[in-house]
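Engineer: The structure under discussion is supplied below as structure tokens; questions concerning it will follow.
The values are calculated or read from the model by the stated rules, or taken from the named source; none is laboratory data. Note that this is a predicted model, so its numbers are computed, not measured. Glycine also receives a Cβ, built like all others from the backbone with ideal geometry; neighbour counts cover every protein chain displayed. The accessibility values were calculated without ligands, DNA or RNA, using every heavy atom of the protein model including side chains. Shrake-Rupley method; radii C 1.70, N 1.55, O 1.52, S 1.80 Å.
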Amino acid sequence: MYQRIRDLREDHDLSQEQLAQYLNVHQTTYSSYEIGRLDVPVDVMGKLADFYGTSVDYLMGRTFEMKPYPKK
């Protein structure tokens, strides 16, 4: 999971600071998410999935399918 959120950030040419601002956390907190020092809270996972247009399952490494699930 941690590698996926880092890879997505880098693929979008974003800094940790930019993502931290979007998530309303400190840069050091976001960095701790990427290296696995802190577990990513559920609400943050949802925000990241929305931001990148993917599913939480993809972020967690449970699927290789990037597209989000259809909304009901």
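Engineer: Take the residues of the range 17-35 that are touching a helix residue (DSSP H, G or I) at 6+ places or on another chain (Cβ under 6 Å) and polar (S, T, N, Q): which is surrounded by the fewest Cβ atoms within 10 Å (Cβ to Cβ)?
Structural biologist: Here the residue is Gln27.
Engineer: Among the residues of the range 36-45, write down those that are over 12 Å from the mean Cα position of the chain (by Cα) and open to solvent by 100 Å² or more (accessible area, probe 1.4 Å).
Structural biologist: Arg37
Engineer: Here's a follow-up. Please determine, by comparing only the residues of the range 58-72 that are at negative phi and in contact (Cβ under 8 Å) with a residue 12 or more places away in the chain, which one is least open to solvent (accessible area, probe 1.4 Å).
Structural biologist: Leu59
Engineer: Identify, from the list Tyr22, Tyr2, Tyr30, the residue that is among the aromatic types (Phe, Trp, Tyr) and under 18 Å from Met66 (Cβ atoms).
Structural biologist: Tyr2
Engineer: Just one of (1) open to solvent by 40 Å² or more (accessible area, probe 1.4 Å); (2) more than 10 Å from the chain's Cα centre (by Cα) trips up Phe51, so point out which.
Structural biologist: That leaves (2) as the condition not met.
Engineer: Could you go through the range 16-25 and let me know if any residue there is more than 15 Å from Arg4 (Cα to Cα), free of Cβ contacts under 8 Å to residues at least 24 places away in the same chain and under 12 Å from the mean Cα position of the chain (by Cα).
Structural biologist: There is at least one residue in the range 16-25 that is more than 15 Å from Arg4 (Cα to Cα), free of Cβ contacts under 8 Å to residues at least 24 places away in the same chain and under 12 Å from the mean Cα position of the chain (by Cα).
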